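Structure, as structure tokens:
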Amino acid sequence: MSTETLILDGNTVAGAIKQSLETRIARLAEHGITPCLATILVGDDPSSATYVRMKGNACKRLGMQSVRIELPASTTTDQLLEEIHKLNADPLVHGILLQHPVPHHIDERAAFDAIAIEKDVDGVTTLGFAQNAFGFANYPSCTPAAILAILQHYNLPMEGKHAVVIGRSPILGKPVSLMLLNANATVTTCHSKTANLEEIVRQADIVVAAVGKPKFVQGSWIKAGAVVIDAGYNKGNIGDVDYEACLPNASAITPVPAGVGPVTIATLLKHTVDAAERQINL
Ligand code: NAP
């Protein structure tokens, strides 16, 4: 193990974000408002259930409200839209998170787009995505925003750097590519049809792994001194990066767990507090 590699501790970054929220939540309480995140879980996928539970618990620990909507796997698109419309109309709900993925028969895009933009705290609507692309979103997707928050917290420069993002999903790979581009990085976005992936990753100053495959990124792919961000989260708390193998070449690296994950949750809480403040123009 290289002694010089900086471990990018997600718990430290998340702690700083959550601490900054405490006074804001207290100020909202003076106005009779408790920031409230509504989560919607469709079906019984155990990982999704865990993620939703973690988000709800994180809200409670900070004195925020959480509403959990749990719907059976047989839920139709129309039924899901109806639930979302109810939450849109509820003034006590400030943020709405529809846990991805929903069962295949549901039109996920229609469901995401049904979320009111002022409550789209995970940047999943088409409008929220577009605002993020232009660089003026109130609520960019939480995991991409968490990745940038980690880089910023540790003063790791993005400007002029070659960032290689592996993955192009609408909630992670694409938005983080756009955010890095807006931060003046030169960005290459890779995907399952990319030719010569390893060679491209070897050119990266910043590698973002968002693949969904355990230990996918190999140590030999990492240029000496590169920053490695592992957004992956696979069964058994395993990231998309072979951490031990990448450690010697990396100048900085996120672990899994305790890397991007806790910052994603802290960012979700922050966006919900932002939304509650905006509701009363605070
Ligand atoms: P996803 O929707 O399945 O997308 C995976 C992406 O990886 C796709 O763009 C896919 O390419 C690409 N890919 C798959 N195999 C590849 C290969 N052999 N070479 C290059 N690219 C390949 O997954 P996601 O929702 O973006 O999630 C990615 C990872 O992040 C997962 O491990 C997930 O658990 C994790 N995640 C973590 C958080 C967090 O809070 N830490 C939040 C969300 C997701 P194609 O587009 O060509 O199919």
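One table, with the values for the structure above:
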| read-out | value |
| --- | --- |
| Only one of Phe112, Phe129, Phe136 that is among the aromatic types (Phe, Trp, Tyr), in a helix (DSSP H, G or I) and either assigned by TED's automatic domain parsing to the domain that holds Ile229 or open to solvent by 20 Å² or more (accessible area, probe 1.4 Å) (or both) | Phe129 |
| The stretch 206-222 - residue that is closer than 17 Å to Ala146 by Cα and part of a loop (DSSP other than H, G, I, E, B) and, of those, most open to solvent (accessible area, probe 1.4 Å) | Val211 |
| Index of the failed condition, Ile150 passing every other in (1) assigned by TED's automatic domain parsing to the domain that holds Gly225; (2) in a loop (DSSP other than H, G, I, E, B) | (2) |
| Flag if Gly123 is in contact (Cβ under 8 Å) with a residue 24 or more places away in the chain, of a type in the set (Gly, Ala, Ser), within 27 Å of Ala183 (Cβ to Cβ) and not in a helix (DSSP H, G or I) | yes |
| Residue within the stretch 145-159 that is of a type in the set (Val, Ile, Thr), in contact (Cβ under 8 Å) with a residue 60 or more places away in the chain and surrounded by 15 or more Cβ atoms within 10 Å (Cβ to Cβ) present | yes |
| Pick from the stretch 230-255, criterion in a loop (DSSP other than H, G, I, E, B) and within 19 Å of Leu156 (Cα to Cα), ranking: farthest from the ligand (Cβ to nearest atom) | Pro248 |
| Ile222 being closer than 15 Å to Thr254 by Cβ and either within 11 Å of the ligand (Cβ to nearest atom) or in contact with a strand residue (DSSP E or B) (Cβ under 8 Å, 6 or more places away or on another chain) (or both) | yes |
| Qualifying residue in the stretch 188-201 (condition: in contact (Cβ under 8 Å) with a residue 40 or more places away in the chain and either within 30 Å of Ala130 (Cβ to Cβ) or not in a loop (DSSP other than H, G, I, E, B) (or both)) | no |
| Number of the exception - Ser177 against (1) among the hydroxyl-bearing types (Ser, Thr, Tyr); (2) more than 11 Å from the ligand (Cβ to nearest atom); (3) part of a helix (DSSP H, G or I) | (2) |
| Flag if Leu156 is outside any loop (DSSP other than H, G, I, E, B) and at pLDDT 95 or above | no |
| Single residue of His104, His100 found to be within 16 Å of the ligand (Cβ to nearest atom), surrounded by fewer than 20 Cβ atoms within 10 Å (Cβ to Cβ) and farther than 19 Å from Ile265 by Cα | His104 |
| Yes/no for Lys119 being among the basic types (Lys, Arg) and surrounded by fewer than 20 Cβ atoms within 10 Å (Cβ to Cβ) | no |
| Index of the failed condition, Cys190 passing every other in (1) within 29 Å of Ser48 (Cα to Cα); (2) at pLDDT 95 or above; (3) surrounded by fewer than 17 Cβ atoms within 10 Å (Cβ to Cβ) | (3) |
| The stretch 71-81 - residue that is outside any loop (DSSP other than H, G, I, E, B) and out of contact with any helix residue (DSSP H, G or I) (no Cβ under 8 Å at 6 or more places or on another chain) and, of those, surrounded by the fewest Cβ atoms within 10 Å (Cβ to Cβ) | Asp78 |
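The values are calculated or read from the model by the stated rules, or taken from the named source; none is laboratory data. Here the structure is a predicted model, which is why all the values come from computation and not from measurement. Glycine also receives a Cβ, built like all others from the backbone with ideal geometry; neighbour counts cover every protein chain displayed. Just the protein is used for accessible areas: all its heavy atoms, side chains included, with ligands, DNA and RNA removed. Shrake-Rupley method; radii C 1.70, N 1.55, O 1.52, S 1.80 Å.
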